[in-house]
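Read through the structure below, which is laid out as structure tokens, and then see the notes.
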Amino acid sequence: MIERMKSILGPSRAGKRIIYDITSSPVDLSSLQSSSRTQRYHDNFFPDKHMVIQELLYADDCVLYAESEAQLQDLVQAYNTAAKDFGQQVSETKTKVMVVQAATVGAVTPPYIRLNPNEQVALQVVTEFSYLGSIDSRSGDTSIELTQRIARMRGAYFRLQGRVFENNALSLAPKLHLYKTFIVPVALYGCATWDLSPKQVRLLDQWQYRLLRRILRQHVPSPVPPKQTSYIDLLDVARSEGSTIIYSMETMLYFLTLRYLGHIERSNLKSLVRRTLHGHLSNKATGVFWGRHHYKLAASRALQAFQLHAIQPATTDIDQPWITACRDNSPEGKTKWAQLIRNGAETHDALWRRQRHDRTAAHTIATEATGTVPSPTDPEPLPTNSEGPLAVPSSPTSERGGVPSVPGPSARNTMASPPAQCRRSSDGKRKRTQPPLPRTHKRNQVQKRRHQEPQEAATG
């Protein structure tokens, strides 16, 4: 059907242009920094190494790319015609249009795209689109995706809270293993292509700290207030008593990013993903390159954090050891790359622990010098699920001891009055109020009144 669509388009070059160089470093940004933003696509920058992306296919879904509204209208019309020729129908309600632009660019006029030129109803224009559980925004911002990942992480935890994490019949090892297997992948789904800020990474670590503190509450001694349980202590207890290695969210983000980088570099030279990684998006009309490369920046930070190489802005050396190990497609090469990123994870984890310990010590010294009590930085979250907070029912307690008061067998048919309650009025004073009478007492009063009415009638 795609071949039919391209035959309908004819010589049209609608699509998104990518200029690439497979021999360059996958995270080298010096070529983009040294080249002018106004450089045309027909200059000497990566000559004769370009391609035009018109569509991306996955199962029965298709994504069409264009640089202008007119090009997108031609692509949509040709695709709809090709689908009809094969007896298929494009859903108008499921087809969306999204304008991809930088966050600094102001509002633009929404494009008016129709499946057929004769139709009056245009396709819906959206700012973000959810596909396969991941949200794509028009500016490449991951804040919405991160918020959704955290909400689903909380929901996955509290669905297993009663059966697994608070089950006293299970030991600590299976609890931590299930947490690492079912909870962490929910939070880091699709994170190999994220470009997160330090604040967003700290938010992920904060939520992992809260959940681990719930699981390890009985295994980590509570510190003397105002001190709090350290995040490092939780990870150490998980490794020593639970026999489960759990890294910080920052380390796991870098680990998954570099593992995905190895998958791309070991793919075929003609792979679309690999050519895209080694290239730049270019506008055919203006020759302007896309200003931000999210994955390249994320992979560059991961390589620096794991100390696999040191990127210099003016260096284009592709004979670095990490590139050779990353591109080796043999079983020994895959094992070597996996070992490299595992060693890098241990190196980064040790550095992360040292930096966090230094920040905690500096904060303690500053607190003791000022004499103020630090506010809790990691409050205990309320029990929540994926939809919102859960209401925790309270058991009836006695007024004095706080022990649940359970009526005995002799108290079932008694009519004891409930205790009085105290409420605060508008002036702030406590006001004693009597709670409503129980339903059984009202029924007895009605029966007594009915029994007295015939006697009064007979007397009269």
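The values are calculated or read from the model by the stated rules, or taken from the named source; none is laboratory data. Quick caveat, the model's predicted, so the values are computed rather than measured. Using ideal geometry, Cβ is built from the backbone for each residue, glycine included, and neighbour counts are taken over all protein chains shown. In case anyone asks, the SASA skips ligands and DNA or RNA and just uses the protein heavy atoms, side chains included. Shrake-Rupley method; radii C 1.70, N 1.55, O 1.52, S 1.80 Å.
Quick one: grab the alpha carbon gyration tensor of segment 50-107, order the square roots of its eigenvalues as a ≥ b ≥ c, and give me rounded if a/c is under 1.5, else prolate or oblate depending on whether a/b is larger than b/c. Prolate, since a/c reaches 1.5 and a/b exceeds b/c.
In the structure shown, do any of K296/K334; K180/K334; K16/K180; K199/K296 have a Cα-Cα gap over 30 Å, and if so which? The answer is K16/K180. Put simply, when 71-81, 114-124 are sorted by average Cβ atoms within 10 angstrom per residue, most first, you get 71-81, 114-124. In terms of accessible area, using a 1.4 Å probe and ignoring ligands and nucleic acids, Y260, Y247 rank largest first as Y260, Y247. The alpha-carbon positions of segment 122-243 define a convex hull whose volume is 137 Å³ per residue.
Ordered by 1.4 Å accessible area with all protein chains kept, K270, K180 run largest first as K270, K180. Put a dot 7 Å past the Cα of V125, heading toward its Cβ, do the same for D85, and the two dots end up 3.0 nm apart. The listed peptides 238-244, 193-199, ordered by packing as a protection proxy, come out as 238-244, 193-199 (highest mean of other Cβ atoms within 10 Å first).
Rolling a 1.4 Å probe over the protein chains gives K6 an accessible area of about 80 Å².
Each of the peptides 84-90, 345-351, 137-143 was scored by the mean count of other Cβ atoms within 10 Å over its residues; in descending order, highest first, they stand as 137-143, 345-351, 84-90.
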